[in-house]
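Here's the structure, in structure tokens; my notes come after.
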Amino acid sequence: MFIVSGAKIHLFLPTILYILTIHLYFLTFTHFLFFTLHFLFLFVLQSKDFIVFLQKNQTTYQMKRNKKTFYTLLYIAGIISIWLLPLQAFGSIKLDGKRLSAKDGLSCNTVNDIIQDRDGFIWLGTPNGMSRYDGYQFINFTNLSKNSGQKSHHSISQLINDEKHGLIWGYNPSNILCSFDLETAHFSDYFDKENATLLKNRFKSQNGMWLFSGDFGVRYLTYSNGKFQATDYTTKNGKLIGDQQLQMTEDAKQNVWIASDKGLNRITPDGKSHLMLKNQHIITLTTDGNHIAVLTDKGDAFLYDNSGKLVRACHQPT
């Protein structure tokens, strides 16, 4: 048991209270460290007859104050200060907010989606088109169609950033897809009058955009030099095993996997479709990039690698 000499306890307790009060007042790491060291100097230098009694096995040992005592206390204070540094840094974070509205130039006060492009600009999808914010002012884009004979649909419900190709994809509630080229600063829109109501789902891969539905199949879109290129994967052209209850995912090698109620297809980056599994109703499709896991409605599980090789197959008990 450690006992502090009563002769100097009147210096010890007030100094402790002094340190705690100062620390709570400033709440910063720098002030805490400064006043902790100040406390150590006061405590050690003013307590010349400071004595600690160690009582053990009914034997009392007396140790006089020396440099080792001071450096031990200094070490303890340093450890405590380092431990409190992350807490102090976290507590000192200050966030500033600013409200932006139509009064500041935004096309509409209703915002459906927000993304940030590779150059740092903020893009907002609104019922009145797309707005770009550079930190100072807005630039609004309301005419998203290049076709004079087509009715312009202003509302943008979803924005998708394509950093690889320098594109901002905008999706319309009427299933119209537009693309803003960051290099040329021009819009292009994709609208298929015949299948507009069918292509209502979308999936963004590394190389392009996929539109799909249970009544049509899958359409793969790429954009280059102001033009869209489309490739269809359907049961009619034999590139898809099934077109109902479609699910899509992409692995680390940029293969796109398409699951349906009839089986599983793998689309390689060259556009070729490979049948991986048939006569299976797939209810779950997921990947970690290197492996693709599939689960059917009958409890059968299949694991593939991103080269298309079946690694393992088993039956999950219900």
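The values are calculated or read from the model by the stated rules, or taken from the named source; none is laboratory data. Note that this is a predicted model, so its numbers are computed, not measured. FYI the Cβ positions are ideal-geometry reconstructions off the backbone, even for glycines, and counts take in every protein chain you see.
If a residue counts only when it is without any contact (Cβ under 8 Å) to a residue 60 or more places away in the chain, closer than 22 Å to L310 by Cβ and of a type in the set (V, I, T), which strands (runs of 3 or more DSSP E) contained entirely in the stretch 192-281 have at least 1 such residues? Answer list for the stretch 192-281: 247-250, 256-259, 263-267.
Restricting to the stretch 134-159, name every residue that is at pLDDT below 80, within 25 Å of D119 (Cα to Cα) and surrounded by 17 or more Cβ atoms within 10 Å (Cβ to Cβ). Within the stretch 134-159, L144, S145, H154 meet the criteria.
Within the stretch 207-244, if we keep just the residues that are farther than 14 Å from I258 by Cα and among the β-branched types (V, I, T), the residue that is modelled with the highest pLDDT turns out to be T231. In the stretch 143-170, the residues that are within 14 Å of T126 (Cβ to Cβ) and assigned to a strand (DSSP E or B) form Cβ pairs under 6 Å with partners that are modelled with pLDDT of 60 or more and not hydrophobic (A, V, I, L, M, F, W, C), at six or more places apart or across chains, as follows: Q158/D113; Q158/Y171; L159/D113; L159/G125; L159/G170.
The residues in the stretch 244-259 that are of a type in the set (K, R) and either crowded, with 17+ Cβ neighbours inside 10 Å or in contact with a Gly (Cβ under 8 Å, 6 or more places away or on another chain) (or both) can be counted, and the count is 0.
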